[in-house]
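Worksheet for the structure shown next.
The values are calculated or read from the model by the stated rules, or taken from the named source; none is laboratory data. Everything quoted here is computed from the prediction, not taken from an experiment. Note: ideal-geometry Cβ built from the backbone for every residue, glycine included; neighbour counts use all protein chains shown. The accessibility values were calculated without ligands, DNA or RNA, using every heavy atom of the protein model including side chains. Shrake-Rupley method; radii C 1.70, N 1.55, O 1.52, S 1.80 Å.
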Amino acid sequence: MIKSAVVPVAGLGTRLLPATKSQPKEMLPVARKPIVQYVAEELVANGIEQILFVTGRNKSSIENHFDYDPELFQNLSRTNKRDLLEEVDFQALEAKFFYTRQAMQRGLGDAMLCGENFAGEEPFVVALGDSIIGLNAQSKAVSRMGELFESRHASCVLAVEEVPLNQVSQYGIVQPADGEGDVFRVANLVEKPKPEKAPSRLAIAGRYIFSPLVFDMLHRVEPDNRGEVQLTDAIQLLCEEGRRVFALKLQPNERRYDIGNFPSYFETFVEFALADRDYGADFRESLKRMLEKK
Ligand code: G1P
C-alpha cells in the first residue's frame, strides 16, 4: 500500500485572476468546500496516511484551513452544531499533513523535488491541488493505480483521460506502446503538443504514482525555455531508459474536474452545486428558470 502523497499547490493561478490575486486557486470553493479539501479527502479515502503540500508565498490559507481552530470548535460545540464540527475536524482524518515551500516558480518538476526527503525510499502519489477526480471526489482511481504499480512492478503510473483534440495543447499527452485499453504501457509523452503533433488524445489527469527513481530523472531534466522543470520530461526520461511506465484510464464516472481555468471552474461549481444534498434540487429549478429566460 502506498502511504504518502505530495500535493503541489504552489502555482500562481494567473489564469484565474482577479479571483486569485491574494488567495490560492486551491482555496476557491466548489459548492461547499475549497478545492484542496476535496483533494485531501480523496487521498485519505484511497489509503494515504501522510500528505505533503508544496506551497508558496500567498498560500498560508491552505495551512490555516486544515489547522485546528479552538475558537471555532468551542463556538460550534456550544451552539450544538455537531455536523458542521465534524466537517471541519481535519485532525480526525486518518492522515498527517505537512507543508513546505517552493521558493521560486520553477515548474511542477521543481515543486516535486521539494518532496524528495519526504518521499524517502518509498513509492508515493502526486496529486495536483487544482484537480478534483470524480463528482465530490468519489474516486478510487489512486487505489487502482497503486495496485497496478505493485502488480506490474512499475516505476510510474499515470491517470489519463481522453480530451477533445482542440484541448491537447493544454496537457501532457501520452503515446501508448501497444493499444489503448483501460490500462496500457506508455511509450512516450509530450507536454502540451500542438493538435497535429499529439500522439493521442489521452491527457495526463493530475494523479501520478512514482518510485523514488523519478527524483534522479528530475535532477537530470534541463529547464524549458521559461526556466521551468517539467515533470513530463522526467517521465519521458523514465520511458527512454526502458522503465515501466503505465497509464490507467479514468472511468466515465470519475472525470477530472480541472479548476485551473474559468470555463471548467464554472462548470465544476455548477455540477457540484446541483449535486448538493440540501440545496441541489432547488438550485436545479432556479437554473432551469434562468435558462428559460434566455
Ligand atoms: C500539468 C502537467 C500536464 C498535465 C496537467 C493536468 O500542467 O504539466 O502534463 O496534463 O497538469 O494534470 P499544468 O496544468 O500545470 O499546466
Relative compactness, region 189-284, computed as alpha-carbon Rg over 2.2 N^0.38 Å: 1.44
Thr100 to Arg57: FRET efficiency via 1/(1 + (r/R0)^6), r the Cβ-Cβ distance, R0 22 Å, to the nearest 0.05? 0.95
Quick check on region 9-152: take the gyration tensor over C-alpha atoms, sort the square-rooted eigenvalues as a ≥ b ≥ c, and tell me if it's rounded (a/c under 1.5), prolate or oblate. oblate
Among the listed pairs Lys194/Lys293; Lys33/Lys288; Lys59/Lys249; Lys25/Lys140; Lys33/Lys192, which have their C-alpha atoms separated by more than 28 angstrom in this model? Lys194/Lys293; Lys59/Lys249; Lys33/Lys192
Nearest-ten-degree value, helix 280-293 long axis tilted from longest Cα axis of the chain: 80 degrees
Which of Asp110, Asp182, Asp258 moves most in a GNM of the chain, Cα contacts under 10 Å? Asp182
Here, Asn188 and Asp278, labelled 7 Å along Cα→Cβ, have an inter-label distance in nm of 5.4 nm
Portion, in percent, of the accessible area of the chain that falls on carbon or sulfur, probe 1.4 Å: 48 percent
Give the calculated FRET efficiency between Leu213 and Glu271 to the nearest 0.05, with a Förster radius of 30 Å applied to their Cβ-Cβ distance. 0.20
Can you give the net charge of the other residues whose Cβ lies under 14 Å from the Cβ of Asn64, counting K and R as +1 and D and E as -1? -4
The Kirkwood hydrodynamic radius of region 149-244, taken as the inverse of the mean 1/r over all distinct Cα pairs, in Å, comes to 13.7 Å
Where in region 67-83 does the amide nitrogen come within less than 12 Å of the point 7 Å from the Cα of Gln91, taken along Cα to Cβ? 67-74
Calculate one ³J(HN,Hα) per residue across region 19-29 by plugging θ = phi - 60° into the Karplus curve 6.51 cos²θ - 1.76 cosθ + 1.60, and present them in order as whole Hz with x for glycine and proline. 4, 9, 4, 10, 9, x, 4, 5, 9, 5, x
Using only Cα atoms and rounding to the nearest 10 degrees, what angle (0 to 90) does helix 231-240 make with the longest principal axis of the chain? 30 degrees
A correct Stokes-Einstein calculation for region 206-246, using the alpha-carbon Kirkwood radius, 25 °C and 0.890 mPa s, returns a whole-number D in µm² s⁻¹ of 230 µm²/s
For the chain, what D do you get in µm² per second when you plug the Kirkwood radius from alpha-carbon pairs into Stokes-Einstein at 10 °C and 1.306 mPa s? 80 µm²/s
